[in-house]
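The values are calculated or read from the model by the stated rules, or taken from the named source; none is laboratory data. Note that this is a predicted model, so its numbers are computed, not measured. Please note: Cβ atoms are built from the backbone with ideal geometry, for glycine as well, and neighbour counts cover all protein chains shown. To get the accessible areas, we keep the full protein, side chains included, count just its heavy atoms, and leave off ligands, DNA and RNA. Shrake-Rupley method; radii C 1.70, N 1.55, O 1.52, S 1.80 Å.
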Amino acid sequence: MTLPIHQDPMGAAIRDFHLKGKAKRLRVLSSMFDEDEIPVSTLFRTESEMNALERQALNLCHGRVLDVGAGAGCHSRVLQQRGIDTTAIDISPLSVQTMRERGILKALHANFFTDGIEGTPFDTVLMLMNGIGIVGRVNCFADFFARLDTLLAPGGQLLTDSSDLRYIFEDEDGTFCYDGEAEYYGEVDYRMVYGSTRGPRFHWLYADFDTLAREALQYGFRAEKVLDGQHYDYLARIMRQL
Ligand code: SAH
């Protein structure tokens, strides 16, 4: 349940940028937004280029850390430089290869949901850049928290960020008008394209804090908001209920 190389557009972009210092456009097609692109250089951001939520998350990391969906490994690099025992995982084979070449000592080609991860359990699980997105759909939180429970050491924490997409559905006067049927308004489908490499369609979730906290409570965890970001985004810390 990881990506094959020929369906790994983000990894191809990361690899190009790593090897050549530049990359083509990494296009993002979605069910909710107009076509967009991810500036590939941002995946290589240094600590000083990170936003306040990310920097705070890095400062809260302790013990053995699992960086989930690590991409080019920007967070893992900072943690490793601080002497923190960090394992980076990603489903993208080209990203994992690049992380290894960038000096990440423990970079594994693995899917958070399905693969055994060496050295489990972890004191901190880190998921950043709308990290909660990999949950995919609100009705997948049960699987997500069950998996988290197998990965976290006693007293362990998940640090993750997300955004409340309600601003997309607000009138000028702030009235919330979402006409979707049963589904939650933060459920998006994406597909990435890089040159001739097209990735598979995948589900990605943006969860407002109250939804995240409610789901966490339902599955034996508790969420606290650590910090609000600048635009409907926030950093949360999730731990097992006492
Ligand atoms: N955390 C990085 C990259 C974020 S992009 C950063 O902040 O720059 C999201 C990453 O999650 C992608 O590299 C994607 O390949 C990876 N990913 C998506 N689903 C995953 C899963 N189930 N397990 C592990 N990695 C996953």
Scattering profile of the chain from the Debye formula, Cα beads only, expressed as log10 I(q)/I(0) at q = 0.12 Å⁻¹, is -0.67
Of all accessible surface on the chain at a 1.4 Å probe, what whole percent is carbon and sulfur? 49 percent
Highest first, please rank the peptides 10-19, 134-143 by the mean number of other Cβ atoms sitting within 10 Å of their residues. 10-19, 134-143
Pulled fully out, how much extra length does the chain show between S41 and K24, if you take 0.36 nm times their separation in residues and subtract their Cα-Cα distance? 5.0 nm
Inter-site label distance for R147 and E101 at 7 Å from Cα along Cβ, in nm: 2.8 nm
Taking all pairs of distinct Cα atoms, average 1/r, flip it, and tell me the Kirkwood hydrodynamic radius of the range 1-101 in Å to one decimal place. 14.5 Å
Where in the range 1-35 does the amide nitrogen come within less than 18 Å of the point 7 Å from the Cα of T114, taken along Cα to Cβ? 1-9
